[in-house]
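Below is one structure, written out as structure tokens; the observations come after it.
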Amino acid sequence: MKNFEYIQPGSLNAVSTLSKEKFVSSHLFAGGTDVLGLMKDNIISPDRLINLKNLPNMDKIVYKKGEGISIGTLVKISDIAENEDIMNHFTALAQAAGEVASPQLRNVGTLGGNICQRPRCWYFRGEFDCIRKGGGICYAYEGENKFHCIVGGGPCYIVHPSDTAVALTALNASIKIHSNGTMKEIPIREFFILPEDDPMKENILEPGEAITEIFIPELETGKKSAYIKLKERDVWDFMTVSIAAVADVSGSLINNVELAFGGTAPKPWYDENINKVFINSKISDLETNVKKIFNDSELLSKNKYKLQLIRNLTKRILNNFSA
Amino acid sequence: MVGAYPSGAGCSWPLRSLYKCPNLKIEEYSVLTNAGRARAMRAPGNVQGTFAFEQMIDTIAEKIGMDPIEFRKINYTDVDPDWGGKYTSKKLIEAYDQGAKAIGWEKRNKPGSGEGTVKRGIGMASQIWWGGGSPPGYATLKLNSDGSLNISSGTQDIGTGTYTILAQVASEILEIPMDKIQVTLGDTETGPYGTASGGSMTAPTMTPAVYDAAVQMMDKLKSGAAAILEVSEDELNYSNGIFTVKNDPQKTIDISKIVNELNARTLVTTGARNANPDGYAINTFGAQFADVEVDTETGKIKVNKIVAAHDIGRAINPMTLNNQIHGGVIQGLGFALFEERIMDSYTGKTVNANFHDYKVPTIKDTPEIVPIIVSETDTLISPVGAKGVGEPAIIPTAAAISNAVYNAIGVRIKSAPMTPDKVLNAINNL
């Protein structure tokens with residue numbers, strides 16, 4: 001590992017100035033659980049690490065009934081999993097946070113870091129000069145691709161690894177970003193990008209920008225949320241496939257639903273057309289209706305099972321709302 | 001031609017030796033994989049061979065409509081089918097019976113007959129392995145003038161309890177408390193030759209060497225005590241470090257005093273592992289039973305319970321023995337469900353050479369494990385009568401789980417690890 005500078009600035013303006021200095025490659029550092037792994041594996045070699053932990057007021061959770069909840073970028077994943085307001089009103093996020101990694105990593109990892117973590121693709125993380133690292137090809141496309149995406153791929157076929165991002169996408173959260181002295185707010189559904197737009201980035205953040213908080217609006221009356229995740233190993237594993245749902249289900253009727261899919265695409269996948277399949281449909285028709293989703297998937301040689309898995313888990317998560 | 005680094009382990013030994021089969025032809029060959037050099041891992045070849053073979057045995061039993069355990073029992077053999085040698089001991093039937101009782105074999109349903117999306121199944125598999133130990137193997141005992149004892153040997157303890165069991169054997173013969181015995185291992189410069197950590201050899205090779213050295217030490221002490229007390233050796237009793245003259249209980253001497261009175265400072269003996277008996281086969285046996293659940297919508301297998309019934313001769317230390325069985329079962333669970341080298345076929349690079357992508361089971365994946373020891377001392381092997389357990393414990397786990405998975409869903413998963421993608425593909429015929 002090459003030498004690097006380590007700085008803990010006390011203000012957002014200082015973060016902006018430090019992170020966009022010319023001829024100095026900088027990387028933001030929140031909990032560090034991903035950044036340190038990336039550095040040790042030589043995926044990134046920044047000249048400067050900017051630790052955000054001294055920034056004031058970024059580790060708070062503030063719930064205002066009827067409005068929504070604001071979660072600071074430095075709030076620990078374990079605190080989200082155990083927060084009563086989040087468990088009661090934004091259940092999908094608490095469940096997603098509880099599914100992240102292992103207890104040790106949840107105690108250190110932060111929400112901002114979790115949604116900005118880099119993909120787990122073993123070609124990206126390994127000794128391969130792949131597209132996401134500036135190389136010429138995606139090795140997964142014709143290689144070992146059982147964990148890779150079935151929609152939104154090309155020219156790179158990663159899946160986005162964050163559990164919390166999937167929940168936040170279904171919950172229609174927005175992301176507050178400090179950008180060179182000003183604040184902006186971006187819906188999370190517009191925060192992540194596909195490889196066709198830029199195969200070397202997963203989101204819209206530019207140098208000089210940092211997430212300060214995530215806001216989730218209060219769910220409308222009658223709506224509940226949930227998160228479901230399949231992982232091969234029971235703990236310390238990323239999703240094979242995960243789904244977050246915000247739904248209004250009365251008895252056997254799905255009045256409304258918003259679904260987001262993890263382990264499916266290079267970003268948390270959200271598609272109004274998928275929601276429409278289930279809005280005003282019957283729970284008893286789920287078996288038929290799930291066959292209408294993801295029919296436009298581009299299945300790779302080893303991830304065909306994912307289509308069946310996504311449909312089965314969609315059925316399961318919606319069934320659970322009526323139980 | 002298999003290149004510069006072939007591995008000679010083979011996978012066919014269980015097929016050749018587990019059951020009586022008078023007409024058996026085995027063909028086994030190596031293939032060149034361009035995948036890096038071969039390495040041995042806990043019961044090399046046998047975990048893999050048993051995974052395939054014991055699924056075949058279950059398949060045959062099902063085709064002829066017979067209970068899998070009954071089928072194994074009628075093909076049981078008292079002699080090694082390869083060369084006809086009689087086993088020094090074999091308690092496989094006991095392992096079948098006690099294991100079946102502990103898992104609740106009678107609750108086992110027809111394959112794939114369960115209701116709902118999560119289906120439960122019970123399955124089992126048998127195991128044969130060597131593990132009798134053999135010469136050479138030596139241990140040196142030093143009895144010090146304060147009555148403490150040092151044991152040294154070039155063998156090692158890789159976390160399996162060698163320190164403890166060697167001290168136990170010396171303590172049992174010499175009646176010296178465990179806390180006065182110090183064991184020094186892992187140094188072939190100061191200790192005599194000891195066996196390497198392989199082949200489940202350490203306990204059955206090294207404990208008889210310590211036993212031999214301890215018996216020699218007892219002879220020296222007894223002869224010293226007789227000389228000092230001026231009686232014949234026959235007239236002495238020994239208990240807890242003290243010799244007493246039978247007809248004159250006031251006349252006593254303890255072992256520390258013997259060392260001093262003899263002006264020896266230290267009494268030293270070196271013991272050797274005895275030869276194995278001629279004409280006998282020495283093997284370990286076992287049967288493991290698995291209770292699993294298969295989620296047919298996600299393909300995920302959950303193992304609820306593993307019963308591991310093993311014939312390993314004498315259990316010297318039940319706690320370290322059970323620990324080894326737990327370790328073997330958990331590693332077998334890894335082989336069954338998680339662990340796999342995934343290689344990029346275009347570049348030959350392993351893509352999951354790290355502890356995140358190469359998935360070793362965590363405690364959350366680990367089921368209840370119930371070890372059962374069905375054997376007692378095998379006196380034909382050595383005066384200690386122990387066989388090894390290191391490798392037997394891992395051999396049948398994956399096969400038992402795979403047979404339980406078949407019992408749950410009625411579909412065979414013929415490749416390990418049995419990950420959700422493979423299970424879903426098998427269920428959906430993809």
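Couple of notes before you dig in:
- Reported count of residues in region B:23-43, each being over 13 Å from B:Ile128 (Cα atoms) and within 23 Å of the chain's Cα centre (by Cα), is 5.
- Within region A:227-261, the residues that satisfy the criterion of being in a strand (DSSP E or B) and within 14 Å of chain B (Cβ to nearest Cβ) are A:Ile228, A:Lys229, A:Leu230, A:Val241, A:Ser242, A:Ile243.
- The set of residues in region B:329-365 that are more than 24 Å from the chain's Cα centre (by Cα) and away from chain A (no Cβ under 12 Å) is empty.
- Listed by position, the helices (runs of 4 or more DSSP H) inside region A:70-158 whose residues that are away from chain B (no Cβ under 13 Å) and within 20 Å of A:Ile43 (Cα to Cα) number at least 2 are A:111-116.
- Residues being β-branched (Val, Ile, Thr), touching a residue at least 60 places away in the same chain (Cβ under 8 Å) and closer than 30 Å to B:Ser382 by Cα - total across region B:52-107: 2
- Number of positions in region A:278-307 that are within 14 Å of another protein chain (Cβ to nearest Cβ) and hydroxyl-bearing (Ser, Thr, Tyr): 3
- The residues listed here are B:Ala196, B:Ala227; of these, the one that is closer than 24 Å to B:Gln324 by Cβ, among the hydrophobic types (A, V, I, L, M, F, W, C) and either free of Cβ contacts under 8 Å to residues at least 24 places away in the same chain or surrounded by fewer than 16 Cβ atoms within 10 Å (Cβ to Cβ) (or both) is B:Ala196.
- Residue list for region A:159-206, restricted to those being in a helix (DSSP H, G or I) and of a type in the set (S, T, N, Q): A:Thr164, A:Thr169
- Restricting region A:284-323 to residues that are of a type in the set (A, V, I, L, M) and open to solvent by 20 Å² or more (accessible area, probe 1.4 Å), the residue that is nearest to B:Lys300 (Cα to Cα): A:Leu307
- Candidate set from region B:269-309 (those that are farther than 30 Å from B:Pro135 by Cβ and of a type in the set (Asp, Glu)); member that is most open to solvent (accessible area, probe 1.4 Å): B:Glu293
- Qualifying position, being away from chain A (no Cβ under 14 Å), among the acidic types (Asp, Glu) and under 30 Å from A:Pro103 (Cβ atoms), among B:Glu368, B:Glu391: B:Glu368
- Here A:Val246 meets each of (1) under 27 Å from A:Cys121 (Cβ atoms); (2) of a type in the set (Val, Ile, Thr); (3) crowded, with 23+ Cβ neighbours inside 10 Å with one exception, condition (1).
- Within region B:318-430, helices (runs of 4 or more DSSP H) holding 2 or more residues that are open to solvent by 40 Å² or more (accessible area, probe 1.4 Å), touching a residue at least 12 places away in the same chain (Cβ under 8 Å) and closer than 30 Å to B:Pro208 by Cβ: B:318-337
- The residue that is modelled with the lowest pLDDT, among those in region B:22-47 that are out of contact with any Leu (no Cβ under 9 Å at 6 or more places or on another chain) and among the hydrophobic types (A, V, I, L, M, F, W, C), is B:Ala38.
- A:Ala14 being open to solvent by 20 Å² or more (accessible area, probe 1.4 Å), of a type in the set (A, V, I, L, M, F, W, C) and outside any strand (DSSP E or B): yes
- Residue match in region B:282-295 (condition: in contact with a Leu (Cβ under 7 Å, 6 or more places away or on another chain), among the aromatic types (Phe, Trp, Tyr) and either at pLDDT below 95 or not assigned by TED's automatic domain parsing to the domain that holds B:Ser200 (or both)): yes
- In the set (1) touching a Cys at 6+ places or on another chain (Cβ under 7 Å); (2) surrounded by 21 or more Cβ atoms within 10 Å (Cβ to Cβ); (3) assigned to a loop (DSSP other than H, G, I, E, B), the condition left unmet by B:Gly132 is number (1).
The values are calculated or read from the model by the stated rules, or taken from the named source; none is laboratory data. In this text the structure is predicted, and so the values were computed from the model without any measurement. Cβ: placed from backbone, ideal geometry, glycine included. Neighbour counts: every protein chain shown. Surface accessibility is based on the protein's heavy atoms, side chains included, excluding ligands, DNA and RNA. Shrake-Rupley method; radii C 1.70, N 1.55, O 1.52, S 1.80 Å.
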